[in-house]
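The values are calculated or read from the model by the stated rules, or taken from the named source; none is laboratory data. On a predicted model such as this, the values are computed, not experimentally measured, just so you know. Reconstructed Cβ throughout: ideal geometry from the backbone, glycine too, with neighbour counts over all protein chains shown. Ligands, DNA and RNA are excluded from the accessible area calculation, which covers all protein heavy atoms including side chains. Shrake-Rupley method; radii C 1.70, N 1.55, O 1.52, S 1.80 Å.
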Amino acid sequence: MIIGIPKEIHPGEQRVPFIPSSVDRLAKKGAQVIVETGLGASIGVSDEEYKKAGASIENNRHSLLSSSDIVLRLRKPPVEEISILKKGSIHISFLDPFNEKALVEALAQHQISAFSMEMIPRTTRAQKMDALSSQANLAGYVTVILAAERLPKIFPMLMTPAGTIAPARVFIIGAGVAGLQAIATAKRLGARVEAFDTRAVVKEQVQSLGAKFVEIDLGETGQTAQGYAKALTPEQLEKQRQGMLRVCAQSDIIITTAQLFGRRAPVVLSKDMIAQMKPGTIIVDMAVESGGNVEGSKLNEEVVTSNGVRILGMGNLPGRVAVHASQVYSTNLHNLLEEYWDKDSKTFKINLEDEIIKGALITHQGQVVNEMVKNIK
């Protein structure tokens with residue numbers, strides 16, 4: 001079975017889908033791995049390192065895509081490359097299937113078995129393949145570093161001969177994977193950290209990291225079967241905004257992480273709330289790529305409001321630590337392949353009854369097979 005790995009061509013993308021150590025593990029299982037010339041250049045990995053790990057190098061992208069039984073990527077493929085893929089082949093990458101109807105239809109029409117890494121179930125067994133969580137973990141770290149760089153204060157409290165320097169105050173909105181890592185990073189830097197989440201179940205996790213959990217009575221809330229926060233009603237969102245206002249007004253840094261699976265991110269910081277924040281406050285909107293949590297945030301821009309609040313809407317946060325982001329994504333891919341690798345035939349077996357396959361397989365044998373994606377209107 002030929003496993004092909006093309007270069008990422010999305011503008012500004014520094015991450016790579018597969019690193020040499022993962023190639024080595026696949027090659028030892030009997031897979032034939034072919035990578036496109038310059039695959040690892042953005043993270044300082046040479047073609048020679050891939051060769052030493054057991055891969056062949058191909059400089060013709062069309063040939064690579066058309067001959068591979070399995071194609072591994074990070075970003076979703078351009079629609080125009082779908083027709084190049086070998087019919088009946090397997091394609092594994094992030095796909096954004098809820099917002100890419102034309103892409104999903106093209107994959108089905110071309111008989112591609114397409115797996116979406118966003119759709120890996122959040123279960124104990126699938127944890128080692130959960131690329132969304134591994135990338136979000138790094139993104140949470142990056143948000144704090146970006147904010148710290150711009151804050152004209154230090155994070156920790158210092159006792160000095162010239163007096164005491166108070167610690168920076170950091171408020172994290174959303175305590176999922178990214179939020180918890182942001183909390184941990186801010187605490188390690190010495191900040192006073194507060195956090196809020198609609199899911200009361202995460203209170204203990206927040207407190208275990210040394211942060212204060214901000215409690216706001218929103219009535220009945222909860223989380224989905226996959227562990228994501230449920231969408232709030234308009235009334236609950238307004239209660240949440242009013243409850244957070246006091247904390248926001250005294251915070252030096254605010255990081256918003258609220259995202260809804262397959263849907264537009266909710267606005268949790270309105271312009272009215274931002275107008276009541278102190279000058280110099282730094283807001284990092286982690287959800288800017290899916291609509292944004294902060295009113296007025298712009299993708300890949302830094303906006304300064306009339307009252308001196310700085311709103312960072314930087315996209316592709318894991319890409320800012322591309323070496324480690326590539327390492328964990330590569331491991332996620334390898335773990336997925338290994339889970340369903342048949343040692344005797346040296347092939348990847350698709351078991352349609354398996355819970356992970358059911359969750360992540362979007363198209364197969366000319367059909368859209370994922371129930372959630374099929375129900376999109």
- prompt: When both residues are 6+ apart or on different chains and their Cβ atoms are under 8 Å apart, which pairs have a first residue that lies in the range 126-147 and is in contact (Cβ under 8 Å) with a residue 24 or more places away in the chain, and a second that is basic (K, R) and outside any helix (DSSP H, G or I)?
  reply: D130/R122; S133/R122
- prompt: Which strands (runs of 3 or more DSSP E) sit wholly inside the range 249-366 and have at least 3 residues that are touching a residue at least 24 places away in the same chain (Cβ under 8 Å) and open to solvent by less than 20 Å² (accessible area, probe 1.4 Å)?
  reply: 253-256, 282-285, 361-364
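Matching residues to (1) within 21 Å of the chain's Cα centre (by Cα); (2) within 16 Å of I282 (Cα to Cα); (3) in a strand (DSSP E or B):
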position: E149; (1), (2), (3): no, yes, no
position: F155; (1), (2), (3): no, yes, no
position: I172; (1), (2), (3): yes, yes, yes
position: A182; (1), (2), (3): yes, yes, no
position: G190; (1), (2), (3): no, no, no
position: V201; (1), (2), (3): no, no, no
position: G210; (1), (2), (3): no, no, no
- prompt: In the range 1-45, which residues are hydroxyl-bearing (S, T, Y) and under 26 Å from the mean Cα position of the chain (by Cα)?
  reply: S21, S22, S42
- prompt: When G176 is evaluated against the numbered criteria (1) open to solvent by 20 Å² or more (accessible area, probe 1.4 Å); (2) in contact (Cβ under 8 Å) with a residue 60 or more places away in the chain; (3) in contact with a strand residue (DSSP E or B) (Cβ under 6 Å, 6 or more places away or on another chain), which criterion, by number, is the only one it fails?
  reply: (3)
task: Could you tell me whether the range 35-44 includes any residue that is under 23 Å from E371 (Cα atoms) and touching an Asp or Glu at 6+ places or on another chain (Cβ under 7 Å)?
output: no
- request: Go over the candidates A136, A147 one by one and state the one that is among the small types (G, A, S), closer than 25 Å to A325 by Cα, open to solvent by 10 Å² or more (accessible area, probe 1.4 Å) and out of contact with any Phe, Trp or Tyr (no Cβ under 8 Å at 6 or more places or on another chain).
  value: A136
- prompt: Hey, among the residues in the range 76-100 that are more than 19 Å from H10 (Cα to Cα) and either open to solvent by 30 Å² or more (accessible area, probe 1.4 Å) or assigned to a helix (DSSP H, G or I) (or both), which one's modelled with the lowest pLDDT?
  reply: F98
